[in-house]
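Asker: Supplied in structure tokens, the structure appears directly below.
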Amino acid sequence: MQTLHASKCGLSTAQLPSYILDVIDALTKAGFEAYIVGGGVRDLMLGLNPKDFDAVTDATPAQVKEVFGRRCRIIGRRFELAHVYSGRELVEVATFRAPPKKEVTSASGMILRDNNWGTIEQDFARRDFSINAMYYQPRKGIVLDFCHAIDDIKNKTLRLLGDPTLRFEEDPVRMLRTLRFAAKLNFSIAPDILEVFTPEMTQLLRDISPHRLYDESQKLFTMGHLNRVLPMLIDFDIWRQLFADIDPEISTFIERAAINTDQRIQIGKTINPAFFYAVLLWKPFLERCEFYLNKGVVAAEARAQAGLDVLKRQATRTIIPRFAETFIREVWEMQTRLLSPKPQQIQSLSTHARFRAGFDFLLLREKSGDHSTQGMGTWWDSYQLMNTDEKERAISQYNRQRAKSRRKASVDDVVESKSVSVEIEPLVQEVAPRSRRERDRKSRGKPERPVQMVTSGSSEIRADHPILKRKRVTRDLNQVVFGPTQ
């Protein structure tokens, strides 16, 4: 172990938010050791802006609860932690871990219970990557480095503590963390990790809860380097373990969506991770829609059922929460509404709760070369920048263009139907009906004909047969032709 001066590592209390100092000070005042550990220390040393800070202490979760009272909540069974609230901020406080006295593992070696308390020296050995194993005590101004992690940071190398095979078996999610850190920090992966990072090893991810894999996938989507990590997911065969029916290839649509997501994060805009799931699952959704349409299902019902099928299939890998599933299906449904909106509904559609997400999705499709959008992505983009009068003129022009397209389509249908129509002679040639006055005059002068039999070929037809009563007029049977015509 080496003790480093915080100032020489580029660390100072001025870089730390008040909420983490509040937690460290409260634990220290209660007589416990307390350090900042993990990604927060690493990012500060790299000159990055950490999203959050984690603390570690020799106090057990129950003792942390006694220090902070109602501000603390104990969570987890496999790995018990204390969540401490400082204002609106949340700090995760872990207790020093020791090697388990009696390991509780699955058949593949994954640790199922890990609540053995120990010392800081034992805790360091339990951490996964060297760059996450530096302990920073801000009030003392020191950094404890047990594994020369400072050298790995300088060399930009991602190294696991201990045997990589054993560490992956203990927690297969470390494979996802390896790719995430390599993409986020632009670090190279140590050779001993690459040797064991095989497709067979990635099969261990099947033992991880789909709920936990969903959380890890969200970290991949929101880290700001999604476009860099996607090819790595394919190269290391992680893609097939995360996504059920999505081909392991990065289409232009997926690539544009990834770049757009990273750009939004870099400029501080909010993102919805479910949006990228909607992008990834778009192709399977269209294929499933086509399946139901070919079976004769109504278009609206086909889309609804296809959405359910695709999301249910994806749940075998990552279980998407119900609210996120609803968001995804609404974005897909908005595509149909935005492509062919009714003129009187355009204004209300532009204020719909899912309009912005649906429009972004449509515009990304159009910019990716999807010609089925018919240029409506650009139309909606221009519409949003117009004032009220310009919007009314745009809607009127759209309405005229829509009516013109419909007329043209109807004319084409008529021409097509005429080109394939065949004239068929009637089986019965009807005599043109006479006027009512003429029929009445004739009926007064002639008595009603008696019922008689008419013979045509081998069949006999009575005079009161329905075919002879279609018109209530007296007909000359010599002009009636029965049977097929020549």
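The values are calculated or read from the model by the stated rules, or taken from the named source; none is laboratory data. Please read all numbers here as calculations on a predicted model, not as lab measurements. Cβ: placed from backbone, ideal geometry, glycine included. Neighbour counts: every protein chain shown.
Asker: Do we have Q218 as assigned to a helix (DSSP H, G or I), in the same structural domain as V279 (by TED's automatic domain parsing) and farther than 20 Å from G39 by Cα here?
Answerer: On the way: assigned to a helix (DSSP H, G or I): yes; in the same structural domain as V279 (by TED's automatic domain parsing): yes; farther than 20 Å from G39 by Cα: no.
No, not satisfied.
Asker: Which residue out of F187, F168 is out of contact with any Asp or Glu (no Cβ under 9 Å at 6 or more places or on another chain), in contact (Cβ under 8 Å) with a residue 12 or more places away in the chain and aromatic (F, W, Y)? I'd like the intermediate steps shown before the answer.
Answerer: Details: F187 fails: out of contact with any Asp or Glu (no Cβ under 9 Å at 6 or more places or on another chain).
Exactly one of F187, F168 is out of contact with any Asp or Glu (no Cβ under 9 Å at 6 or more places or on another chain), in contact (Cβ under 8 Å) with a residue 12 or more places away in the chain and aromatic (F, W, Y), namely F168.
Asker: In addition: Within segment 274-300, can you find the residues that are under 17 Å from A357 (Cα atoms) and part of a loop (DSSP other than H, G, I, E, B)?
Answerer: Passing the criteria: only L281.
Asker: Here's another thing I want to ask about it. Inspect segment 129-147 for any residue being closer than 23 Å to L242 by Cβ and surrounded by 17 or more Cβ atoms within 10 Å (Cβ to Cβ) and give the result as yes or no.
Answerer: Step one: filter segment 129-147 for residues closer than 23 Å to L242 by Cβ, giving 129, 132.
Next, only the ones that are surrounded by 17 or more Cβ atoms within 10 Å (Cβ to Cβ) stay: 129, 132.
Yes, the conditions are met somewhere in segment 129-147.
Asker: Separate question: Which residue out of R365, R303, R313, R317 is part of a loop (DSSP other than H, G, I, E, B) and touching a residue at least 24 places away in the same chain (Cβ under 8 Å)?
Answerer: Numbers: R365 fails: part of a loop (DSSP other than H, G, I, E, B); R303 fails: part of a loop (DSSP other than H, G, I, E, B); R313 fails: part of a loop (DSSP other than H, G, I, E, B).
Just one listed residue meets the conditions, R317.
Asker: Among the listed residues I254, I234, which satisfies the condition of being in contact with a Pro (Cβ under 6 Å, 6 or more places away or on another chain), assigned to a helix (DSSP H, G or I) and either at pLDDT 95 or above or assigned by TED's automatic domain parsing to the domain that holds F323 (or both)?
Answerer: Of I254, I234, the one residue that is in contact with a Pro (Cβ under 6 Å, 6 or more places away or on another chain), assigned to a helix (DSSP H, G or I) and either at pLDDT 95 or above or assigned by TED's automatic domain parsing to the domain that holds F323 (or both) is I234.
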